[in-house]
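Contents: one structure, followed by commentary.
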6 protein chains.
Amino acid sequence: MRILLANSNTSPEVTAAVVAAARLSAAPGTEILGRNARFGARIVGTRTEAAIAAHGLVDLLAEESTGIDAVVIAMSFDSGLWAAREMLAVPVVGMTEAACLLACTMAPRFGLVVMGERGLAAYRQVVDSYGLEPRLAGLRALDASPQDLLGDPGIFHGQILEKVEMLVRRDGAEAVVLAGAAMAGLPKLLQERAPVPLVDGIAAGVALAESLVRLGFSKPRAGSLKGVPRRETIGLSPALSAYFGTDR
Amino acid sequence: MRILLANSNTSPEVTAAVVAAARLSAAPGTEILGRNARFGARIVGTRTEAAIAAHGLVDLLAEESTGIDAVVIAMSFDSGLWAAREMLAVPVVGMTEAACLLACTMAPRFGLVVMGERGLAAYRQVVDSYGLEPRLAGLRALDASPQDLLGDPGIFHGQILEKVEMLVRRDGAEAVVLAGAAMAGLPKLLQERAPVPLVDGIAAGVALAESLVRLGFSKPRAGSLKGVPRRETIGLSPALSAYFGTDR
Amino acid sequence: MRILLANSNTSPEVTAAVVAAARLSAAPGTEILGRNARFGARIVGTRTEAAIAAHGLVDLLAEESTGIDAVVIAMSFDSGLWAAREMLAVPVVGMTEAACLLACTMAPRFGLVVMGERGLAAYRQVVDSYGLEPRLAGLRALDASPQDLLGDPGIFHGQILEKVEMLVRRDGAEAVVLAGAAMAGLPKLLQERAPVPLVDGIAAGVALAESLVRLGFSKPRAGSLKGVPRRETIGLSPALSAYFGTDR
Amino acid sequence: MRILLANSNTSPEVTAAVVAAARLSAAPGTEILGRNARFGARIVGTRTEAAIAAHGLVDLLAEESTGIDAVVIAMSFDSGLWAAREMLAVPVVGMTEAACLLACTMAPRFGLVVMGERGLAAYRQVVDSYGLEPRLAGLRALDASPQDLLGDPGIFHGQILEKVEMLVRRDGAEAVVLAGAAMAGLPKLLQERAPVPLVDGIAAGVALAESLVRLGFSKPRAGSLKGVPRRETIGLSPALSAYFGTDR
Amino acid sequence: MRILLANSNTSPEVTAAVVAAARLSAAPGTEILGRNARFGARIVGTRTEAAIAAHGLVDLLAEESTGIDAVVIAMSFDSGLWAAREMLAVPVVGMTEAACLLACTMAPRFGLVVMGERGLAAYRQVVDSYGLEPRLAGLRALDASPQDLLGDPGIFHGQILEKVEMLVRRDGAEAVVLAGAAMAGLPKLLQERAPVPLVDGIAAGVALAESLVRLGFSKPRAGSLKGVPRRETIGLSPALSAYFGTDR
Amino acid sequence: MRILLANSNTSPEVTAAVVAAARLSAAPGTEILGRNARFGARIVGTRTEAAIAAHGLVDLLAEESTGIDAVVIAMSFDSGLWAAREMLAVPVVGMTEAACLLACTMAPRFGLVVMGERGLAAYRQVVDSYGLEPRLAGLRALDASPQDLLGDPGIFHGQILEKVEMLVRRDGAEAVVLAGAAMAGLPKLLQERAPVPLVDGIAAGVALAESLVRLGFSKPRAGSLKGVPRRETIGLSPALSAYFGTDR
C-alpha cells in the first residue's frame, strides 16, 4: 500500500521529518511517500498561508496522486481536506483530523498543544470544523515556533510536558494531541513522561489511511464529494487544469 | 468609501453582475470596485475549486487592496475569509456570512436556497463554520447551476420561490438566503412574491462592510488575526511574495 | 432615514447619551431620534426590570413608531426584541444583538465586558438566546454600575481595558463587546488602547438598522413574525390597545 | 402549602381552567390559588402579548405573593420566569419549563403540540432558552386557537392525537407536551389513547413547585438571582414600585 | 405511595443513609423502601463498577419492583436508567438526573461537587448524556472518597463549601448539586452556609418520583421504551430470566 | 497482534459471524479471537439487555484479556466501553464508535441504518454519547430483527439499500453505518450498489484497534481512566473479583 504524505508546507526538511515519523509507525507493507506543494509557505503558520496551502494541496494531488492508495495531509491545519476528498477516488485524511479522532477513542475529552499563541484560535476552528467541540477540553500554546522545534526539539520537551500537564490537571483532557507537522515523532518520544496518551497527527493519519484502504470503501456517487464534472478554469497548472478538463 | 468585491470566481460576467447588484444597494458615497482572481474556476461550484479560490482571494488582495476601505468576498463559499481578515487592516466580509448574520436580525431561524444538490452539504459546512447551526432551519437545492441562472434567471423564479416556500412551510425558516454570486439581485426582484425576507449575500456584504468601515475598528494587535510577520515562501506572485516579505 | 433609539431605560440622560453616540457613527442622512419608555427602571440592571422593559418597549413603539424607518433597542438586554419585530413592519435591532453579530465579522470568538457581577449570567443568556454560544469566549464584570459609568466614565477606563485584556489573553476573545447603554461611546474612545476591536452596541445597532433599511426587506407574511391579528386585551395604553384592535 | 398560579393571560376563564386542572393533580394539602395579571392579552398568543405578559407577571407577583409558598407561571411562554425567580424568595416554575423537564424524565427526546402555526418558532425559542434543544424531537401545530380549545375542546381531540402520532412516528418523540394553558387537563383526558406520555404544563408546574417547596432551598445570596437592591423606577403600580423601593 | 430506592451500591450502610435522607424530604404518605443490588461494588466509584451496577440495577428491579409505585436509582452515576425505564411500567428517576433537572428550575447554570478527581470526567459524561451541557457551569472535586464522607462527614463540610464557592465565584454556577449517594442529607445541612441552592440527588429523585406518580403517565406503547418482548437469554437470575421470558 | 472481539451478545453464531467478518478485513498478522459473555441476551436488542451487557463485557474481559493486544466490543450499543477502557491497559474500541469515527473521515455527515424502530432512539443516544451529533444526518430503521438478518440476510439487501438511499437523498448523509453485529460483512457486500461509503462496525473496530496498537499509547496515569485501585465488591465472578482485589 502506497500512502502519500501531501505536504503543503513547502520545506523539504518538514517533509523529510514527517516521512521519517510516518515510517516508524506504518504497518509492514506500507510504503510512505512524501511530496511538497510547489508553492506556498515554507512552514505554514498563519491563516493566509493556510489559504494558499489549500490550493497547494490540490495542485500537488493533481500531479502526484497516480498510483497512490491514500493521502495524508501533512500540514496540520488540514487545509483543503474536503477538496481533496472530492477530487480523489482514494481515501484522504487530515493529520489533525486523524489525531483528534484517535484521541476520541482514548479519552472523553482531549486537548491540543499548539505552537505559538496565534494557533489557539486557528486550531480551535479546525477542531470545531469536525464537530468535535464537545470532545475538546482545551488548547495550550507553546512559546516556540515550528522552526524552533525543527531546530532543536530537545530544548522544548520540558515546556511541552508542562502544557500537557496543564491540559490534564486544569482543563480535564485525558489525551493530548501535539499539533503540527514539526511535532511529528515527539509524542512517541515523550509518551513515557506524560500522564495520558500523546497523539501524533502524522502517525494517526497514516494509521487511519491504512484502515480506510484496507476496508475498501467506494468513491461517493452522490452528494458533495462525488467526482467533479468537467469545469472551466483559468491560470491553473497543466495537471490541475487537466483534472478539471476531464469528466468523472 | 471604496469597497472591493473580491471575486474568486474568475469570470468577469459574474463580477459585472455582483458589481451591478452591489451598486443598487450601496449607500450614497460608496464606490464599488470588482476584481477577479487571476486563476481558478470560472464559477466556483465544487470543493476543489473553492480550495483554489482561497489562494485566488489572497493573491488578488495582495495586488488590489491598496486604497480600499473594505472587502466583500464575492464568492459564496467565502473561501479564504479568515485569511483575508488576518492579511488586511481593513474590514473583510464574506457574502454568505453577511447574508446569514443579517438573516439572524430578522428571523429566529433562516434557510438557504443553493444551486445544485452538491451545494447542500458544502453550504451547511459554511454556515456551521460560523457557529450558526442553531439558527439554520434547512437548505433546499435548485435543480440549476449558476451558469443556468446567469443565462436566463427568469426561468428559475418559480422554482426559487417554491424552494423558499418549502423552507418556510416545512423547515420553519422565517428568512431565506439565496446563496451564490449568481443569485445577486434576485432577492430584491423576488421579495414581493416571497412570504419572508429574502437575503442577498452581495447586498448584505456591502451593507456590513459599510457598517464596519463607518464604525472604525482597529486591526487586532493580539490573537490569530494580528498582522503577519515576515515569512519565507516560494512560488507565489510578486505581490503576494512581497506581502510575506514585509513585517507588519 | 429616521432611526428610533427605543430606550426602555426610563432615564432621559441615558437616552441623551445613546443618541449622542449614535449620531457620531450614523451614516450621513440618517436622523437619530431617542425616546424613553413611559414606565420602568431608570437604568435597567436586574431581571425584574428587564421584564418590565419588554412591555415598556412595545408600549413605546405603539406610540412612537409612526414615520420611523427602523428601531434600535437602546437597552442592552434587548428585552422585547422579537415582540418588536412582530409588531412593526420596519426593521428592529437589539443593541447587544447587533454588537455580537458585528463582533462575529471580526473575530472567531468574542467576549463581553458587563457592568456588575449580576450581569454575567444575564448577558450569557442574552448571547445564548441568539444561538451565539459557539462564538462566545467569555464574559468579565466591571466592579461598577451603569450609574457609576454615567457619572464619571474616565475613572473606569483602566478597569475596562484590564477586563478586555483578560478576555483576550485568558479567554481567547478576539473582539470585545462593551455591553450596556451606559458604555455607548466608550469603545471608540478606548479602541486605540485595546489589542482587539471594541464593539459598541448603539453604534452597531444603528449600523445594522441602516443596512436593513437600505436593503428593503418585506414584512413576513408567514411564521411567528407576521402581523398580529385583532386581539382582545385589557389595561393597556390607548396606543397599545389600538394596536391590538386593528387587523394587520 | 399554598401555590399561586400566576396567570399573565388576563382572562378569568383560563385561570379557572388552570386552577381546576391544578387541583386535580396537586398533592393532598396543597392549596391552589389563581390570579390574573391586571393588564395584557386575554389569551397570550403573540410575541407582543408575551412581552407585555412579563411585566404583567411581575406586577401581579408584587401584589399577590405574600403568604405564597411557590408560584407556577400559568402562561405557556413562561414570560418573566427568571425575573420572578430573582424577585421572590420562594420557588417559581414555568408551566412549559416544568413540562419539558418532566418529559426529560420519561423520554430521550420529546415533542410539543402547540396551538397555531405561529407558535412553532416561538415555542422552539422557549425550549431553546432552557438549553433543551438536544432533547427536542420536534413541534407540531394544531389548526386551532386557544379560544377554540376553551370553547369546545372535544372537537379537537382527534387532531391533537394525530399530531402526537406524527411527533412519535416521524419525529422520534417519546413523550409529548401539550403546550398552552388552554390545554390544561387534556393530557390526562387523552393519555389512554396516546402511545407515549402526554405532559400537562400546569400539572407539571404544580408538581415541581411542590417538590421545590418540600426540599426547602434558600434564596440565592450571590449571582444573577439574589435579591434586588433598592432601585429607581417610574410609572409602576404602587406594589411594584414599593418592591423596588425596599432593599433585599 | 411506595418508592423504591434501588441502590446498585451494594453496601447496606449507604442504603440506610439514603433511605434516612429520603424519608426526611418525602411527602406525607410516601413510603420509602431501600434495596441493594445482589452484586457489585460496595460503593461504586469507577467506570467498571458503574458498568456492573447497570446489571445490578435491572437484576434488583426484576426481583423487587412488585407493588412499587416508582423507583429512584440511588447510585449517582444513574447507571441503567434508560434500561429501568424500558423494563418497568412505573416511573424511574436517576438521583443525579433529578438533581440536575431541579437545579435547572433554580439557576441558569449549575455546578457539581463530586468525590475524587476521577469523578470529574465521569459525571460530566452523565450530565452530557441528559443533554444538559448548556446548563453546566462546571465541576469541582473533593479530595475525599465516599467512604471518607460516610465515615465522618463533618470533617468535609468546610471543603465542600469551599468547592461550592469556587463553582459560584469562578465558574458562574447559581445552584450546586452535591453528587453522590454518600452526600445524601448534606445539602440540607449545609444550605444555610451556601450562597446558592444546594441540591441533593436523593431528595430530588424522591420528589420527582412522587410528581411522576401523582401525574399518572402511561407506559409507552411505541418507541425505545415500550415493553420488552419475550427474549432469549442465558446465565441470568431466575427473576430477571423470567422477566425476559414473558411478553409485555 | 491479537485482537479480541468481546461479544456481549451471548450467541456463538453472532460471534462466529463477527469473527469471520473481522478476519476478512484485518491486516496480515492480526489474529482475531472471539469470545462471548457468560450471561445476558442471545442478541442484545433492548436497553435492558444492553445494561446487562455492560457487566457481561467487563466480566468477560476480566477472564479473557490476558495476552490480548486490543479489544473490539462486538455488540453495537458499545455498552461498557468506558469501563473497559478504564479496566484494561490495552486499547478498547466500540464497534459503533469506530464506525462513526471512520464515517467522519469520509463524509461531512453520516447516517445509520438500524434494525427495528426500537433502535432509532437508542442508537441516537449512542452517537450523542460520542459528541458526534453535529455529524449525524439521520437514522433509518429496517423492518427486520438481527435474528432475521442472521437467518437469511439476502432477503433484506433491497430494504437496506433503500434505507441507505433515503439517508442520502432526504437526510443528507454522505456515508452510512450499517449498525449492528448482525450486519457485519454486509457493508462490503452491498458497497457496490450504494451511492456512498457503507461502514461496518466490526471492520472499523478492528482497523482502529490495529491502529491504536501500532501507535503504542500508554495507559493513562491520571484522570478517569487510570488503573482502578483495590475495591471492595460482592457477588462477582472470581476473575472479576480478583481484578478489584488488585492494586493497579
Within 10 Å of each Cβ in F:76-83, how many Cβ atoms from other chains are there, averaged over the peptide? 4
Helix C:47-64: angle to the longest alpha-carbon principal axis of chain C, degrees 0 to 90, nearest 10? 50
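How do E:GLU232, B:GLU64 rank when sorted from fewest to most other Cβ atoms within 10 Å of their own Cβ? Let's see the in-between values first.
Numbers: E:GLU232 12, B:GLU64 17.
So the residues, fewest neighbours to most, are E:GLU232, B:GLU64.
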Exposure proxy ranking, count of Cβ atoms within 10 Å, fewest first, for D:ILE73, B:ILE3: B:ILE3, D:ILE73
For a paramagnetic label modelled at 7 Å from the Cα of D:ARG38 toward its Cβ, which residues of region D:213-245 fall within the zone defined by backbone nitrogen distances under 20 Å? D:231-245
Taking a point 7 Å out from Cα toward Cβ as the label site, list the nm distances between D:ALA16 and the same residue in every other copy, smallest first. 5.3, 5.7, 7.3, 7.3, 9.2
Two-decimal Rg to Rh for region D:36-130 - Kirkwood Rh, Cα set: 0.98
Based on the alpha-carbon gyration tensor of the protein assembly as shown, what equivalent-ellipsoid semi-axes (square roots of 5 times the eigenvalues) come out, in whole Å, largest first? 44, 44, 30
With r defined as the distance between the Cβ atoms of B:ALA141 and D:ALA141 and R0 fixed at 25 Å, what FRET efficiency is calculated, to the nearest 0.05? 0.45
The exposure ranking of F:LYS226, B:LYS163, fewest beta-carbon neighbours within 10 Å first, is F:LYS226, B:LYS163
Rounded to the nearest 500, what is the 222 nm mean residue ellipticity of chain A from helices alone, with -39500 (n - 2.57) per DSSP H run of 4+ residues and division by all residues? -13000 deg cm²/dmol
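At a Förster distance of 45 Å, what's the computed FRET efficiency of B:ARG193 paired with C:ALA20, Cβ-Cβ distance as r, to 0.05?
After rounding, the FRET efficiency stands at 0.60.
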Take the alpha carbon atoms of region B:71-99, find their center, do the same for region A:1-80, and report the distance between the two centers in whole angstrom. 27
Where Rh is the Kirkwood radius over Cα pairs, Rg/Rh for region A:1-73: 0.98
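Taking 8 Å as the Cα distance limit and 6 or more residues as the minimum spacing, I'd like the relative contact order of chain A as a percentage. Let's see the in-between values first.
Working: 509 pairs, mean separation 54.8, N = 248.
That works out to 22 percent.
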For chain C, modelled as a Gaussian network with Cα springs under 10 Å, which listed residue fluctuates most, C:LEU236, C:LEU60, C:LEU225? C:LEU236
Over chain B, with a Gaussian network built from C-alpha contacts below 10 Å, which listed residue (B:GLY40, B:GLY94, B:GLY131) shows the highest mean-square fluctuation? B:GLY131
Enumerate the aspartates and glutamates that F:LYS188 could reach by cross-link, defined here as Cα to Cα under 12 Å, with residues fewer than 8 away along the same chain left out. F:ASP200
25 °C / 0.890 mPa s Stokes-Einstein diffusion coefficient of region B:98-248, Kirkwood radius on C-alpha pairs, µm²/s: 142
Taking alpha-carbon centroids only, region C:222-248 lies from region D:197-229 a number of Å equal to 32
Under 18 Å from a label point 7 Å along Cα→Cβ of F:GLU162: give me every residue in region D:149-172 with its amide N that close. D:170
Where labels lie 7 Å past Cα in the beta-carbon direction, separation of E:ALA242 and D:SER218 in nm: 5.0
Taking Cα pairs closer than 8 Å and at least 6 residues apart, the relative contact order of region C:32-112 in percent is 24
Looking only at B:MET75, B:MET106, B:MET115, which one moves most when chain B is put into a Gaussian network model with springs between Cα atoms under 10 Å? B:MET106
With the 8 Å Cα cutoff and a minimum separation of six or more residues, region A:79-171 has a relative contact order in percent of 27
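Rule-based calculations on the coordinates, nothing more; no lab input. In this text the structure is predicted, and so the values were computed from the model without any measurement. With ideal geometry, Cβ positions are generated from the backbone for all residues, glycine too; neighbour counts draw on all protein chains shown.
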